[in-house]
Amino acid sequence: MTTSPSTPWLLARRAAKMNPSVIREILKVTEKPGIISFAGGLPSPKTFPVAEFEAACAKVLRDDPAGALQYAASEGFGPLREQVAAMLPWNVDPAQVLITTGSQQGLDLVAKVLIDADSKVLVESPTYLGAVMAFMPMEPEVVSIDNDAEGVDVADLRSKAAGARFMYVLPNFQNPTGRTMTELGRARLSAAATELGLPLIEDNPYGDLWFDNAPAAPLTARNPDGCIYLGSFSKVLAPGLRLGFVVAPKAVYPKLLQAKQAADLHSPGFNQRLIAEVMKDGFLDRHVPTIRALYKSQRDAMLDALAREMPVGDPDSTLTWNTPAGGMFLWARLPKGMSAVDLLPYAVEQNVAFVPGSPFYADHGDPRTLRLSFVTPSVAEIHQGVAALAKAITLYAASLAK
């Protein structure tokens, strides 16, 4: 890379691999007054336990102000690490828990520790855009693995796994599709990964947000030494505190810790104490069901609105969509010949926004797909927004017919 005549700055080669988040760019559009946004993966503010955090702030500052406001251990606040270990459904040593500045930092640490230039990394098709963004500065070869009704297509995995550093998966209510890996799919993937000597990076920010039935046991519970597990407090408590965690095998943990130390020394100690204080005495067991009930009602509202506004017919001639069993997202596909990127301006003109699906593919993106988030708008806004989306599709289809 060369310098331009107007600047002395020479950027690192990896900087060319850094690109703006498509989702973040689309969110700027939603700042337009009156826009109904199905775009952002933002938890509903109605779920934030404000009173509990207010009480926790007062208690933490009263009981341990010096500890809360001072530098802290890079591993994280000891009582919080113990709480994380205790709430996971397999035997976890708190010494394996690393508190991170959001689970997004966990992805960054994994990339720094496990990826060399040109090394192969496997992902689902499609996959979480933020993970690919975290991986790309390390200059890997990112390879997509097909999916089937149960989860990862193990036959496709076997054909592409040679030399891969790891596979990154979101088994529960995946971002962007909302799909969930079945028990059979998990058992099949875990067995294949163990046989192939392929580490798994299991990202589970949405796993507690099930609507009717809890998902099957985590992949990590089946082979703890072959998996790194990422979790988040953003979806069940408050995203603004920017706290998540990594559970790593002892063979990998020290290097993740060193990468964490180089990145930010430690995640905010005050925030960690707030989370620990709010979570004690089983608060999540009481709080999370209220989130599930709210999000299920909003999912149902979106499904009802889609069924009312969109004609039913052949998948190539009508909009189709799935029915997520939890989480925050619904995945839809436009009629044949349409592009979600091209539809977006028509939607914005109708005061509704969504995220086109193609950026979520590491390769061979499907231009007809789009992601709809149902958790932030109200039920009334969901019905209004879906009607606006239907009108936008009609106008777009008319433009194509000219």
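The values are calculated or read from the model by the stated rules, or taken from the named source; none is laboratory data. All figures in this text were calculated on a predicted structure; none of them were measured in a lab. No Cβ is skipped: glycine too gets one built from the backbone with ideal geometry, and neighbour counts run over all protein chains shown. What goes into the accessible areas is simple: the full protein's heavy atoms, side chains included, and nothing from ligands, DNA or RNA. Shrake-Rupley method; radii C 1.70, N 1.55, O 1.52, S 1.80 Å.
Quick check on this structure: which one of 234, 297 is under 16 Å from residue 327 (Cβ atoms), part of a loop (DSSP other than H, G, I, E, B) and of a type in the set (Gly, Ala, Ser)?
On the way: 297 fails: part of a loop (DSSP other than H, G, I, E, B).
Selected residue: 234, the only one of 234, 297 that is under 16 Å from residue 327 (Cβ atoms), part of a loop (DSSP other than H, G, I, E, B) and of a type in the set (Gly, Ala, Ser).
Within segment 251-270, is even one residue open to solvent by less than 60 Å² (accessible area, probe 1.4 Å), within 29 Å of residue 374 (Cα to Cα) and part of a helix (DSSP H, G or I)?
So far as segment 251-270 goes, no, none of its residues is open to solvent by less than 60 Å² (accessible area, probe 1.4 Å), within 29 Å of residue 374 (Cα to Cα) and part of a helix (DSSP H, G or I).
Return the residue satisfying two criteria in turn: it lies in segment 344-357 and is aliphatic (A, V, I, L, M) and open to solvent by less than 10 Å² (accessible area, probe 1.4 Å), and of such residues it is nearest to residue 38 (Cα to Cα).
First pass over segment 344-357, keeping only residues aliphatic (A, V, I, L, M): 344, 347-348, 352-353, 355.
Keeping just the survivors that are open to solvent by less than 10 Å² (accessible area, probe 1.4 Å) gives 347, 352-353, 355.
Numbers: 347: 11, 352: 7, 353: 6, 355: 8 Å.
Checked segment 344-357; the qualifying residue nearest to residue 38 (Cα to Cα) is 353.
Kindly indicate whether residue 178 is more than 19 Å from residue 107 (Cβ to Cβ), under 12 Å from the mean Cα position of the chain (by Cα) and in contact (Cβ under 8 Å) with a residue 60 or more places away in the chain. Give the derivation first.
Values: more than 19 Å from residue 107 (Cβ to Cβ): yes; under 12 Å from the mean Cα position of the chain (by Cα): yes; in contact (Cβ under 8 Å) with a residue 60 or more places away in the chain: yes.
Yes: the conditions hold for residue 178.
Suppose we filter 114, 122, 129 for residues that are open to solvent by 30 Å² or more (accessible area, probe 1.4 Å) and within 24 Å of residue 218 (Cβ to Cβ); which single one remains? Please lay out each step first, then the result.
Working: 122 fails: open to solvent by 30 Å² or more (accessible area, probe 1.4 Å); 129 fails: open to solvent by 30 Å² or more (accessible area, probe 1.4 Å).
None of the other options fit; the residue is 114.
State whether the residues of segment 152-170 include one that is part of a loop (DSSP other than H, G, I, E, B), touching an Asp or Glu at 6+ places or on another chain (Cβ under 9 Å) and of a type in the set (Ser, Thr, Tyr).
no
Assess whether residue 107 counts as being open to solvent by less than 60 Å² (accessible area, probe 1.4 Å), in contact with a helix residue (DSSP H, G or I) (Cβ under 9 Å, 6 or more places away or on another chain) and in contact (Cβ under 8 Å) with a residue 24 or more places away in the chain. Reasoning before the result, please.
Working: open to solvent by less than 60 Å² (accessible area, probe 1.4 Å): yes; in contact with a helix residue (DSSP H, G or I) (Cβ under 9 Å, 6 or more places away or on another chain): yes; in contact (Cβ under 8 Å) with a residue 24 or more places away in the chain: yes.
Considered against the rule, which asks whether it is open to solvent by less than 60 Å² (accessible area, probe 1.4 Å), in contact with a helix residue (DSSP H, G or I) (Cβ under 9 Å, 6 or more places away or on another chain) and in contact (Cβ under 8 Å) with a residue 24 or more places away in the chain, residue 107 comes out as yes.
With 68, 72, 58 as the choices, which residue is surrounded by fewer than 16 Cβ atoms within 10 Å (Cβ to Cβ) and farther than 30 Å from residue 129 by Cα?
Numbers: 68 fails: surrounded by fewer than 16 Cβ atoms within 10 Å (Cβ to Cβ); 72 fails: surrounded by fewer than 16 Cβ atoms within 10 Å (Cβ to Cβ).
Answer to the selection: 58.
Report, by residue number, each residue of segment 186-219 that is small (Gly, Ala, Ser) and surrounded by fewer than 22 Cβ atoms within 10 Å (Cβ to Cβ).
Applying the first criterion (small (Gly, Ala, Ser)) to segment 186-219 yields 187, 190-193, 197, 207, 214, 216-217.
Within segment 186-219, 187, 190, 191, 192, 197, 214, 216, 217 qualify.
So, residue 276, is that one outside any loop (DSSP other than H, G, I, E, B), among the hydrophobic types (A, V, I, L, M, F, W, C), open to solvent by 30 Å² or more (accessible area, probe 1.4 Å) and modelled with pLDDT of 95 or more or not?
So residue 276 fails the test.
Out of the residues in segment 318-336 meeting the condition of being modelled with pLDDT of 95 or more and among the polar types (S, T, N, Q), tell me which one is nearest to residue 211 (Cα to Cα).
If we take residues in segment 318-336 being modelled with pLDDT of 95 or more and among the polar types (S, T, N, Q), then 323 is nearest to residue 211 (Cα to Cα).
Take residue 93 and decide whether it is over 24 Å from the mean Cα position of the chain (by Cα), within 17 Å of residue 246 (Cβ to Cβ) and not small (Gly, Ala, Ser).
On the way: over 24 Å from the mean Cα position of the chain (by Cα): yes; within 17 Å of residue 246 (Cβ to Cβ): yes; not small (Gly, Ala, Ser): yes.
For residue 93, the condition - over 24 Å from the mean Cα position of the chain (by Cα), within 17 Å of residue 246 (Cβ to Cβ) and not small (Gly, Ala, Ser) - is met.
The rows are residues; the columns are (1) open to solvent by less than 10 Å² (accessible area, probe 1.4 Å); (2) part of a loop (DSSP other than H, G, I, E, B).
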position	(1), (2)
306	yes, no
312	no, yes
316	no, yes
330	yes, no
336	no, yes
341	no, no
359	no, no
367	no, yes
386	yes, no
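Given the options 77, 48, 38, name the one that is open to solvent by 60 Å² or more (accessible area, probe 1.4 Å) and under 26 Å from the mean Cα position of the chain (by Cα).
Working: 77 fails: open to solvent by 60 Å² or more (accessible area, probe 1.4 Å); 38 fails: open to solvent by 60 Å² or more (accessible area, probe 1.4 Å).
Among 77, 48, 38, only 48 is open to solvent by 60 Å² or more (accessible area, probe 1.4 Å) and under 26 Å from the mean Cα position of the chain (by Cα).
I'd like the full set of residues that are within 16 Å of the chain's Cα centre (by Cα) and at pLDDT 95 or above, limited to segment 362-377.
Applying the first criterion (within 16 Å of the chain's Cα centre (by Cα)) to segment 362-377 yields 362, 370-376.
Those that are within 16 Å of the chain's Cα centre (by Cα) and at pLDDT 95 or above: 370, 371, 372, 373, 374, 375.
Quick one: what pairs do we get from segment 74-101, first residue without any contact (Cβ under 8 Å) to a residue 12 or more places away in the chain, second of a type in the set (Val, Ile, Thr), C-beta under 9 Å, 6+ apart or different chains?
Listed pairs, sorted by first residue: 86/92.
Go through segment 186-207 residue by residue and tally those that are closer than 20 Å to residue 98 by Cβ and part of a loop (DSSP other than H, G, I, E, B).
Restricting attention to segment 186-207, the residues satisfying the condition of being closer than 20 Å to residue 98 by Cβ are 199-205, 207.
Among the residues that remain, those that are also part of a loop (DSSP other than H, G, I, E, B) are: 199, 204-205, 207.
Total meeting the criteria: 4.
Any residue in segment 47-66 that's within 29 Å of residue 376 (Cβ to Cβ): show its pairings with residues that are loosely packed, with under 14 Cβ neighbours inside 10 Å and at pLDDT 95 or above at Cβ separation under 8 Å, as long as the two are six or more apart or on different chains.
Once the first residue is within 29 Å of residue 376 (Cβ to Cβ) and sits in segment 47-66, its partners that are loosely packed, with under 14 Cβ neighbours inside 10 Å and at pLDDT 95 or above give 47/290.
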